[in-house]
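Single-structure report; data block below.
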Amino acid sequence: MALVGYRRVSSVDQNLDRQDLGQVEKVFEEKLSGKSAKDRPALQAMLDYIREGDTVAVYSIDRLARDLRDLQDIIQTVNDKGATIRFLTEGLTFSADKDDAFAKLQLHMMGAFAEFERNIIRKRQAEGIAKAKSKGVYKGRKPSIDRDRVKELREEGLSTYKIAANMGISRMSVHRILNG
């Protein structure tokens, strides 16, 4: 029976230190958005690692998932393996052998708030970008493809397939640049 920890922050410039899990035997950490459970390798590795009788410690519900369905699925996966999951901030524990209706209610409410918060953040971000664009301040992200080089390679007679391979980009990107 192992005590396993999971910690997550949304971006690489954020710090995991405030998520104190106490004494754990193994910690899985990542610096990725919590919007989708499928796109988080450390989460998937933790789910593969845990065994019957293990306990997973997570600092708070929103660190595990920002989508209520993902949250429920992750907890179900942990419980299906015979393991327990504890949320330290909320003081909630979910295990395969114990069905606590009040804890489930709290989980659903907290999960819904986490999802709501993520949606509000996205809306504010979109509003900020729109305002910045209207003022001419927002430039967008820097292009990651050298468009001039794509055109040069085409002028040298390379096919779209060879340009894509040479540049390390998709053929669709080459087509968009050449036809745009």
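The values are calculated or read from the model by the stated rules, or taken from the named source; none is laboratory data. Computed from a predicted structure; not experimentally measured. For neighbour counting, all protein chains shown are included, and Cβ atoms are generated from backbone atoms with ideal geometry for every residue, glycine included.
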Could you check R86 against (1) on the phi < 0 side of the Ramachandran plot; (2) not assigned by TED's automatic domain parsing to the domain that holds A42 and say which number it fails? (2)
In region 1-49, what residues are of a type in the set (S, T, N, Q) and either surrounded by 19 or more Cβ atoms within 10 Å (Cβ to Cβ) or over 19 Å from N119 (Cα atoms) (or both)? Q14, N15, Q19, Q23, Q44
Is it the case, given these coordinates, that K38 is closer than 26 Å to Q14 by Cα, out of contact with any strand residue (DSSP E or B) (no Cβ under 9 Å at 6 or more places or on another chain) and among the basic types (K, R)? yes
Being in contact with a helix residue (DSSP H, G or I) (Cβ under 6 Å, 6 or more places away or on another chain) and closer than 14 Å to G53 by Cβ is the filter; apply it to region 80-108 and report the residue that is modelled with the lowest pLDDT. A96
Just a yes or no: is a residue in region 58-65 within 16 Å of E115 (Cα to Cα), within 12 Å of the chain's Cα centre (by Cα) and not in a helix (DSSP H, G or I)? yes
Residue check: is A96 within 30 Å of R63 (Cβ to Cβ), assigned by TED's automatic domain parsing to the domain that holds D54 and surrounded by 14 or more Cβ atoms within 10 Å (Cβ to Cβ)? yes
Filter region 90-119 down to the residues that are under 24 Å from K31 (Cβ atoms), out of contact with any strand residue (DSSP E or B) (no Cβ under 9 Å at 6 or more places or on another chain) and not aromatic (F, W, Y) and list them by number. E90, G111, A114, E115, E117, R118, N119
Identify, from the list L158, L153, the residue that is outside any loop (DSSP other than H, G, I, E, B) and more than 26 Å from the chain's Cα centre (by Cα). L153
Can you name the residue in region 81-128 that is of a type in the set (V, I, T) and part of a helix (DSSP H, G or I) and, of all such residues, is nearest to the chain's Cα centre (by Cα)? I121
Of (1) outside any helix (DSSP H, G or I); (2) surrounded by fewer than 12 Cβ atoms within 10 Å (Cβ to Cβ), Y138 satisfies all except one. Which? (2)
From (1) assigned to a loop (DSSP other than H, G, I, E, B); (2) more than 21 Å from Y6 (Cα to Cα), pick out the condition that doesn't hold for K131. (1)
Within region 66-79, of all residues that are of a type outside the set (A, V, I, L, M) and either buried (at least 20 other Cβ atoms within 10 Å of the Cβ) or modelled with pLDDT of 90 or more (or both), the one nearest to the chain's Cα centre (by Cα) is R66
Mind checking which residues of region 30-50 are within 20 Å of G111 (Cα to Cα) and hydroxyl-bearing (S, T, Y)? S33, S36
